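The numbers here are math on the coordinates, done by the rules we state, and not lab data. As the structure is a computational prediction, the values presented were derived from the model and not from experiment. Here the Cβ positions follow ideal geometry from the backbone for every residue, glycine too, while neighbour counts run over all protein chains shown.
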Amino acid sequence: MLGLLIAYCAVFGLIVGSFLNVVIYRVPRKESVVSPRSACPTCGVPISARDNVPIFSWLFLRGKCRNCHSPISVRYPLVEAATAGLFAGVAARIGFSWSLPAFLVVAAGLLALACTDFEHLVLPKRIVYPVLALVGILLIVAAAITHHWHNLLIAVLCAIVWFVIFFVMNAISPRALGFGDVRLAPVLGLALGWLGIRYALLGFFAANLIGAILGLSLIATKRMKRQQQIPYGVFLAMGTMLAIFAGPELLRPFQSLKG
Ligand SMILES: [Zn+2]
C-alpha cells in the first residue's frame, strides 16, 4: 500500500512540478502565475496541452519548440523530475499520515524558492507567504484530526525560535542572510518542529554546515568572491529536506535525548 502512495505522490509531483516551473519563471519577474498561458519565450506561440505533458513532451520534442525549434531549457523537465522525486521521498518518509499534505507543500515550496534564490538571489514573498499559510493550515487540520496538538505546539515554538534566530542573524550580517531568509525561517521551523525539536536543530545545523562547506569551496576555487551575496535559501532548503529525509538515521546516536 505504501508503494501505491509513493507512486501516486510521484505522479502528483510531476503535475505540481509543471506548475512550479511557471512560478519559478514568472514570480521573480512580477508576472501572474495564472494568465496568460505558457508560451515559447522565443516565438511567443502558446504551448498546447499535448506539448505540456511533464518531462515526456520535452523528451518527445527533444528539448525544442514545436513551432520555431529554438531550444527549451533542460531546467523544465529537471524541475518536474525533482518535484516527483521529492514527493516520492516525502511519501516514503511520512507515509499514511494526515501531516503528509503539509510536507508535500514544504517540499514543493522549498524547491521553487531554492531555484529563485539560486537564479535571482530572491525568496519572493509571493511564494513564502502562501507556503507559510498553507503549511500552517494543513498542520492545524492534521492536529485537529489526529489530536496531535503536542506536535503543533512544538512546531509553533520552533517556528518562533527559528524566526528570532534568523532575525538576529540578519541584523548582524544582512549580506550573508537576507530578510527573505528571515521570512522563510518560520516555514522550516513549523515543518521540522512537527517532527520534533531534534529535527529542528538538525535542520538548522545541516543548513549552516552545507552553506559553510559549499560557500568555502566556491571561494577556494575562485568561483565566488568573499563579499558576494550567497543564496542562503538554497542551503536552508537542502538542510531542511536532509533533516526530513535522513533525520531518523542521523539522529539515532542522540536517541537518549528527548524531543
Ligand atoms: Zn518557439
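Loop-only trypsin sites (Lys or Arg not before Pro) in segment 1-39, please: DSSP not H, G, I, E or B, and at most 10 other Cβ atoms within 10 Å. Please report the intermediate quantities before stating the final value.
Details: sites: Arg26, Arg29, Lys30, Arg37; in loops: Lys30, Arg37.
Sites meeting the loop and neighbour criteria: Lys30.
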For this session: Specify the inter-centroid distance of segment 199-259 and segment 50-111, based on alpha-carbon positions, in whole Å.
Result: 24
Problem set entry | J(HN,Hα) series, segment 69-80, from Karplus relation 6.51 cos²θ - 1.76 cosθ + 1.60, nearest Hz, glycine and proline x | 6, 6, x, 9, 3, 5, 4, 4, x, 5, 5, 5
Exercise. Under 5 Å between amide H atoms, partner at least 5 residues away or on a different chain: which partners does Ala39 have, H built in plane at 1.01 Å?
Worked result: Ile47
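Could you please rank Phe103, Phe56, placing first whichever residue has the fewest other Cβ atoms within 10 Å of its Cβ?
Phe56, Phe103
When ranked by the protection proxy of mean other Cβ atoms within 10 Å per residue, highest first, what sequence do the peptides 80-93, 180-193, 126-139 form?
Details: 80-93: 21.1, 180-193: 25.9, 126-139: 18.6.
Highest-to-lowest ranking by the protection proxy: 180-193, 80-93, 126-139.
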Seminar exercise, completed: Computed over the chain: longest principal axis from alpha-carbon atoms vs helix 232-251 long axis, angle to nearest 10 degrees, is 60
Problem set entry | Longest to shortest principal axis, alpha-carbon extents of segment 156-200, angstrom | 31, 14, 13
Exercise. Which Cys residues of the chain have no other Cys beta carbon under 4.7 Å away?
Worked result: Cys9, Cys115, Cys158
Problem set entry | Largest-first principal axis extents of the Cα set of segment 70-162 (Å) | 54, 27, 17
Problem set entry | Distance histogram in 10 Å bins (all Cα pairs of the chain, percent per bin) | 7, 28, 34, 22, 8, 1, 0
Seminar exercise, completed: Rg (one decimal) and Dmax (whole number) from the Cα set of segment 1-126, in Å, equal 15.4, 47
Seminar exercise, completed: If amide H atoms are modeled at 1.01 Å from N in the peptide plane, then the residues at a separation of 5 or more from Asn52, or on another chain, having amide H under 5 Å from its own are none
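Taking N as the number of residues in segment 143-241, what is its Cα Rg relative to 2.2 N^0.38 Å? Don't jump to the answer; show the numbers that get you there.
On the way: Rg = 15.0 Å, N = 99, 2.2 N^0.38 = 12.6 Å.
Dividing the Cα radius of gyration by 2.2 N^0.38 Å gives 1.19.
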Exercise. In percent, what relative contact order does the chain have, based on Cα pairs under 8 Å that are 6 or more apart in sequence?
Worked result: 18
Seminar exercise, completed: Quick numbers on segment 1-59, Rg and Dmax over C-alpha atoms in Å, give 13.9, 46
